[in-house]
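Input: a single structure, listed below in structure tokens.
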Amino acid sequence: MDPSDTAPDSWELEEDAEAPAAVAGLPTAFAALNVNAKPFVPNVNAPVFVPSFLQSGTVEMSSSDGAPDPVASMEVAETAAPVENGDTEADMTTEEETWEQKEEPGGGGGGGGQEDVTPGGASEEGAARKEDEEMMEEEEEEIPMPKVAPAPPDAPKKEHVNVVFIGHVDAGKSTIGGQIMYLTGMVDKRTLEKYEREAKEKNRETWYLSWALDTNQEERDKGKTVEVGRAYFETEKKHFTILDAPGHKSFVPNMIGGASQADLAVLVISARKGEFETGFEKGGQTREHAMLAKTAGVKHLIVLINKMDDPTVNWSLERYEECKEKLVPFLKKVGFNPKKDIHFMPCSGLTGANLKDPVPECPWYTGLPFIAHLDSLPNFTRSSDGPVRLPIVDKYKDMGTVILGKLESGSISKAQQLVMMPNRHTVEVLSLLSDDVETDDAGPGENLKLRLKGIEEEEILPGFILCSPDNLCHSGRTFDAQIVIIEHKSIICPGYNAVLHIHTCIEEVQITALICLVDKKTGEKSKTRPRFVKQDQVCIARLRAAGVICLETFKDFPQMGRFTLRDEGKTIAIGKVLKLVPEKD
């Protein structure tokens, strides 16, 4: 492999080799930059690559002949940045987007800074250094064609829809997510082949698709999602964000955070004999997830009956109907309307059957395949003129303070002044990323990354809310709420402690008083105060949180007025905030 094509170990090594030439030919370099990059043809007779720490001389010598020096082109790229932004912005964004998609899952190659700009430049060398030359040839051929062309700036903005994948452990949520990304061209074939090889080495060859979403090592080793994975794909009409929720019962709190950002949920069910039953029995996650999705405010549920290609199932209609019969009464009980809100479809995540194209083995299913069905769903109504509300899901330091969250209402633009509740810091938005693409303004329903000025990362906690300064959200510790007790062995009395999950906020609460019972059928309230409530009863209670939390009444702002109560790893109750009680000083 020709050493001059690899990223040099330090930028100083080759600084002076072609720098003067590069500076002299700047105008020509501008013209040739990034637009019609020639496909790279590997030099078959190149000397064997010797790492620079063994023999630094060769690197310098060979850099002057052979292929053009990546460093020189990088220097040009750096100086060219302002002009490039001026005239070939589209090119740059396509190039960079494909980089991000390529590199995030694999983690190979130094992603970032100037490397992104070089056409077929150094950063893929880093990933491909270990591979042989044919692989490189393939890769180089793929690069000039970006997978997802960025929309021209004047195109109407696609509607953003957040889809959360929920269901029992090992039902195939991540695999379906990975398969969808592959089918819509967000993950290229080569990356998947790499995952497949790595998965085979670990004797886990059926897991390779899920690795597109389960990116960290622990998740891959165990084959279980822990964090909520994020990815996105586009159809003709809509822009989807996949939120891949963990199925394991220990990570339900993470899943609640994911579901609270979603507009529609996909409940993944495994049709394989025995797996469906385990997921659905009392201890399974299928029930709990469907219920949590409903309380998190998901209006539409698609039930994907996965693993239909399994030998025990073999696309049989009987098994599909059996799963459906068991699910419908339960989903009805949770509050979904089977006629309007639920849609069942068979599929196979591993083979990708019925996700994009209909399946010949399954003549009895006549509806649209999954991606086409998502595209045909009616639009969601969202008010962009409401007050700004952005519950924070996560935060980190990166040249300032960066926060992640879904904008529930209102719109945010660059350099806007906002207030962080409940501690009332005034912050300014430095930059906006909507699904990792930088924009100047964002509307409701989009998943955003904001870089803020005026607040330290340590001062923010998940569950805080960004509001517009003229319309702050309510915060407090005490509130009255209507709760439905879903599953609790003994009785619940005043003084009972549980963990409250409301939008993205997690806080300990105590039920300080039970105000009245509500009759489920008639909705009548009892005249006397109950001394306790038990399973399946509905009551109105006063709750007091350990710290100050941001919340709204359900009537004013449903997304921030619904909550779940959990204790000992189980979801005990779901409820909605009726009124906020002002603090007595």
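Listing for the model above:
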read-out	value
Whole-angstrom gap from the range 395-444 to the range 217-289, using each part's C-alpha centre	27
Cβ-placed point charges (K, R +1; D, E -1), dipole of the range 389-467 about Cα centre in debye, nearest 20	220
Extended-chain gain in nm, criterion 0.36 nm per residue less alpha-carbon gap, ALA513 and HIS248	92.1 nm
Heavy-atom accessible area order for LYS238, LYS158, LYS332, largest first, 1.4 Å probe	LYS332, LYS158, LYS238
Of LYS173/LYS249; LYS299/LYS555; LYS299/LYS525; LYS332/LYS570, pairs whose Cα-Cα distance is over 19 Å	LYS299/LYS525; LYS332/LYS570
Distant-in-sequence amide H partners of TYR232 (H built 1.01 Å from N, under 5 Å)	ILE242
Antiparallel content of DSSP bridges confined to the range 181-338, in %, to 5	45
Per-q log10 I(q)/I(0), the range 497-585, q = 0.23 Å⁻¹ (Debye; single scatterer per alpha-carbon; no solvent)	-1.36
Local net charge near VAL252, Cβ-Cβ under 11 Å (Lys/Arg +1, Asp/Glu -1)	+2
Calculated SAXS-style log₁₀ I(q)/I(0) at q = 0.16, 0.26, 0.27 Å⁻¹ - the range 389-467, Debye, Cα scatterers	-0.46, -1.43, -1.57
Within the accessible area of the range 389-467 (1.4 Å probe), percent carbon and sulfur	50
Farthest positive-ward along the range 159-376 dipole, Cα basis, beta-carbon charges - from THR215, PRO358, HIS300	HIS300
Pairwise label distance in nanometres, LEU377 with LYS570, each label 7 Å out on the Cα-Cβ vector	3.1
Amide H contacts under 5 Å for THR401, placed H, 5+ residues apart	LEU452
Coil-residue GluC sites (Glu not before Pro) of the range 438-485, DSSP, other Cβ within 10 Å capped at 14	GLU456
Mean Cα-pair separation over length for the range 475-580, i.e. relative contact order, pairs under 8 Å, 6 or more apart, %	40
Candidates per chymotrypsin sites (Phe, Trp or Tyr not before Pro) in the range 339-423, loop by DSSP, up to 16 other Cβ within 10 Å	TRP364, PHE380
Candidates per trypsin sites (Lys or Arg not before Pro) in the range 339-436, loop by DSSP, up to 10 other Cβ within 10 Å	LYS339, LYS340
Accessible area expressed per residue, the range 351-414, with surrounding protein chains retained (probe 1.4 Å, Å²)	46
Charge dipole (the range 383-470, unit charges on Cβ, about Cα centre) - positive-most of GLN416, ALA442, LEU432	GLN416
Phi to ³J(HN,Hα) by Karplus 6.51 cos²θ - 1.76 cosθ + 1.60 over the range 420-437, Hz, x for Gly, Pro	8, 9, x, 9, 6, 7, 8, 10, 10, 7, 7, 8, 10, 10, 9, 6, 6, 10
Value of relative contact order over the range 159-376, rounded to a whole percent, pairs C-alpha under 8 Å and six or more apart	23
Test item: Cα-centred dipole of the range 159-376, Lys/Arg +1 and Asp/Glu -1 on Cβ, debye	480
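The values are calculated or read from the model by the stated rules, or taken from the named source; none is laboratory data. Since we're looking at a predicted model, the values are computed, not measured. Ideal geometry is used to build each Cβ from the backbone, glycine not excepted, and the neighbour counts take in all protein chains shown. For accessibility, only protein heavy atoms count, side chains too; no ligands or nucleic acids. Shrake-Rupley method; radii C 1.70, N 1.55, O 1.52, S 1.80 Å.
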